[in-house]
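Working notes, structure below.
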Amino acid sequence: MERLAIIGAGSWGSALGKIAYDNGHAVLLYDNSKEAIARFNSKTTASSRIFQATTDLKEAVAFGDIILLAVPTSVIRSVLKEINLVIESEKVFVNASKGLEPKTIKRVSEIVEEEIKSKFVKGFVALSGPSHAEEVILEMLTLVTAASPDLKQAQLIQRVFSNQTYFRVYTLTDLIGVEICSALKNIIALASGIIAGLGYGDNTRAALITRGLVEIKRIACMFGAEEKTVFGLAGLGDLVVTCTSTHSRNFQAGYKIGSGKDLEQALAEMTMVVEGARSAIAAHEMIVENNIYAPIIEAVYDIIYHKFDPRERIMLLMQNDLKEEIL
Ligand SMILES: NC(=O)c1ccc[n+]([C@@H]2O[C@H](COP(=O)([O-])OP(=O)(O)OC[C@H]3O[C@@H](n4cnc5c(N)ncnc54)[C@H](O)[C@@H]3O)[C@@H](O)[C@H]2O)c1
């Protein structure tokens, strides 16, 4: 039995807690919001098994040998700084959040390296793949990837979360690839929502997913990812689910933007985190600094941050020079 502290009692932290707890592990859920903890406790019905939740970070960190991050990436650095103040022994860090830090373009594994004293970091694993909490909680069959350069740590997380009924975890050693793919797919999901909001159909969405994957591959490979990772669960798998499912917060926010709202209005109407908007800033910096051709991601950036008209900006993509289909 492993002991897990899950940081973030939102949709994903609670769902991952349920899996680990159902698999026989000890779980303590932490959130800095009393309302989030109250919400978690109120959803825990008599028929489901109950694990504990707390607003005491020190208690949570002391409890877990595995510290799983499930907070929005915008707060990851500050949460890690707080953890660093209370941590007293070595832990395996797992990140389940999906995003990149604007300006620094850092991945969460790099932020952990910067913020947590190295003697307390036994390993780092990214857990990612097509996995909407709403379906996981209903025990719908879900496959994800645990990635770490240290295969033993990835295998530990594989064992903790896999069961033989609804949740299956694969391993990869390409941590960079998994971290970058899981952040970039949210930007393409915003685009998928935008085109749906504009009234375009399945042809457009299929083209967007295909060409979006090519852009993700170009950026990820430029930053050290293995190409094959892009075609795995954390790449293509997550891209498909987030571009096609109405559960996707990024798709929903994009839909509002495509229907005429600006980013602030769209985000104000969302109750849960929309990571793609923030990752678009990081991706834009990666694209510009490295001269990468990624026209869809740049169009999303223009629409949400330069307030381009969505339909006109998409028409510009259609008017690009005709060319070979470069994959
Ligand atoms: N929801 C999903 O289906 C899903 C699936 C896979 C990955 N993710 C990723 O997981 C991350 C979290 O998503 P979510 O859907 O659970 O979001 P959410 O908004 O439902 O929950 C986030 C939780 O983090 C808490 N939080 C915020 N700041 C905090 C802080 N400083 N200290 C402690 N807790 C803090 C909030 O109170 C909230 O309870 C995101 O990066 C998302 O992309 C979500």
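The requirement of being farther than 15 Å from Ser279 by Cβ, under 15 Å from the mean Cα position of the chain (by Cα) and outside any loop (DSSP other than H, G, I, E, B) is not satisfied by Leu80.
Whenever a residue of segment 219-245 is in contact (Cβ under 8 Å) with a residue 24 or more places away in the chain and more than 16 Å from Ser148 (Cα to Cα), its partners that are surrounded by fewer than 17 Cβ atoms within 10 Å (Cβ to Cβ) and of a type in the set (S, T, N, Q), lying with C-beta atoms within less than 9 angstrom and at least six residues away or across chains, give the pairs Ile219/Asn290; Met222/Asn290; Phe223/Asn290.
Total residues in segment 254-273 satisfying the condition of being within 16 Å of the ligand (Cβ to nearest atom) and either farther than 21 Å from Glu298 by Cβ or in contact with a Leu (Cβ under 6 Å, 6 or more places away or on another chain) (or both): the figure is 7. Can you find a residue in segment 306-327 that is in contact with an Asp or Glu (Cβ under 9 Å, 6 or more places away or on another chain) and crowded, with 22+ Cβ neighbours inside 10 Å? No, segment 306-327 has no match at all.
Can you find a residue in segment 126-141 that is aliphatic (A, V, I, L, M) and more than 30 Å from Ser245 (Cβ to Cβ)? Within segment 126-141 (the criterion being aliphatic (A, V, I, L, M) and more than 30 Å from Ser245 (Cβ to Cβ)), the answer is no, since none of the residues qualifies.
The set of residues in segment 36-49 that are within 13 Å of the ligand (Cβ to nearest atom) and either among the polar types (S, T, N, Q) or at pLDDT 95 or above (or both) contains only Asn41.
Contact map, segment 91-103: first residue closer than 27 Å to Arg159 by Cα, second residue near the ligand (Cβ under 6 Å from one of its atoms) and assigned to a loop (DSSP other than H, G, I, E, B), Cβ cut-off under 7 Å, separation 6 or more or different chains; pairs are Ala96/Ala70; Ser97/Ala70; Ser97/Val71; Ser97/Pro72. Looking only at segment 273-305, residues that are modelled with pLDDT under 95 and part of a loop (DSSP other than H, G, I, E, B) come to 2 in all.
Taken as a whole, segment 50-61 holds at least one residue that is of a type in the set (Gly, Ala, Ser), within 11 Å of the ligand (Cβ to nearest atom) and within 25 Å of Thr73 (Cβ to Cβ). Restricting segment 104-122 to residues that are part of a strand (DSSP E or B) and in contact (Cβ under 8 Å) with a residue 24 or more places away in the chain leaves a set whose member that is surrounded by the most Cβ atoms within 10 Å (Cβ to Cβ) is Val121. When segment 135-172 is limited to residues that are in a loop (DSSP other than H, G, I, E, B) and free of Cβ contacts under 8 Å to residues at least 24 places away in the same chain, the one that is surrounded by the most Cβ atoms within 10 Å (Cβ to Cβ) turns out to be Leu138.
Has segment 212-223 got any residue that is within 14 Å of the ligand (Cβ to nearest atom), within 23 Å of Met315 (Cβ to Cβ), at pLDDT 95 or above and not assigned by TED's automatic domain parsing to the domain that holds Val125? No, the conditions are met nowhere in segment 212-223. Within segment 75-115, the residues that satisfy the criterion of being away from the ligand (no atom under 15 Å from the Cβ) and closer than 23 Å to Thr173 by Cα are Glu90, Lys91, Val92, Ile105, Glu110, Glu113, Glu114. Of the listed requirements (1) touching a Cys at 6+ places or on another chain (Cβ under 9 Å); (2) within 12 Å of the ligand (Cβ to nearest atom); (3) among the small types (Gly, Ala, Ser), Ala133 misses just one: (1).
The values are calculated or read from the model by the stated rules, or taken from the named source; none is laboratory data. As the structure is a prediction and not an experimental result, all values here were calculated from the model. Ideal geometry is used to build each Cβ from the backbone, glycine not excepted, and the neighbour counts take in all protein chains shown.
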